[in-house]
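**Q** Here you go, one structure.
The values are calculated or read from the model by the stated rules, or taken from the named source; none is laboratory data. Nothing here was measured: the structure is a model prediction, and the numbers come from that model. Cβ placement follows ideal geometry from the backbone for every residue including glycine, while neighbour counts extend to all protein chains displayed.
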Amino acid sequence: MKFDHKNKLIPNAVFTKFLGSTIDSTLSWRMHVDHLTNKLSTACYVIRYVKPLMSHFLSLFHTVMSYGIILWENSCHSTQIFWIQKRVIRIIMGCGNWDFCKTVLKKLKILPLLLQYKLSLLIFVVNNRDQFLINSEIHNINTRHSTILHLPSANLDIYHKRVYYPGIKIFNSLPFSI
């Protein structure tokens, strides 16, 4: 139990739902991924039986999958979602369970889960550019890395899994011409 500013007890919660995301007390994202797995499995079921009537039914699946992806994709449980994404692609394209999905994803112009996560991080960095510093703003020395985003030093793994750190790393890895 914690106290608020008026000395009232605030009960600890094991999990809470916030804007469609289930956040647990350990921030492992296990409950959210389990909930998302159920929703996406339902979408997979719908796609399987609606496929003869519709040729492209990925919007339902994609919107559910990408919501809040920059928060939960970095968890160890996100591979379940990728497996379901591959299953949906196989259903839509009529592929077998062991067929390779990479070429099918390219053909459909769909990003796999990891690349969708990286794209979402890049969009976040570009849209919040004022929240990030350039190395030349930190020090006045003109180096070859003075024009890239400053990557703060952090020793904690939990910081490396947040949005800012991987966002900066991915943004800095882009060619300068982009």
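**Q** All but one of (1) in contact with a Ser or Thr (Cβ under 8 Å, 6 or more places away or on another chain); (2) touching a residue at least 24 places away in the same chain (Cβ under 8 Å) hold for residue 136; which doesn't?
**A** That leaves (2) as the condition not met.
**Q** Looking at 75, 41 in this structure, which one is outside any loop (DSSP other than H, G, I, E, B), assigned by TED's automatic domain parsing to the domain that holds residue 31, within 24 Å of residue 31 (Cα to Cα) and of a type in the set (Gly, Ala, Ser)?
**A** One residue alone meets the criteria, 41.
**Q** Would you pick out the residues in the stretch 85-107 that are over 18 Å from residue 41 (Cβ atoms) and part of a helix (DSSP H, G or I)?
**A** Listed by number, the residues that qualify are 93, 102, 103, 104, 105, 106, 107.
**Q** Still on this structure, I have one more. Checking the condition closer than 24 Å to residue 36 by Cβ, out of contact with any strand residue (DSSP E or B) (no Cβ under 9 Å at 6 or more places or on another chain) and either assigned by TED's automatic domain parsing to the domain that holds residue 48 or touching a residue at least 24 places away in the same chain (Cβ under 8 Å) (or both), which residue from 98, 83 passes?
**A** Exactly one residue qualifies, and that residue is 83.
**Q** If you don't mind, another one. Residue check: is residue 142 of a type outside the set (Lys, Arg), outside the structural domain of residue 176 (by TED's automatic domain parsing) and over 19 Å from the mean Cα position of the chain (by Cα)?
**A** Values: of a type outside the set (Lys, Arg): yes; outside the structural domain of residue 176 (by TED's automatic domain parsing): no; over 19 Å from the mean Cα position of the chain (by Cα): yes.
In short, no.
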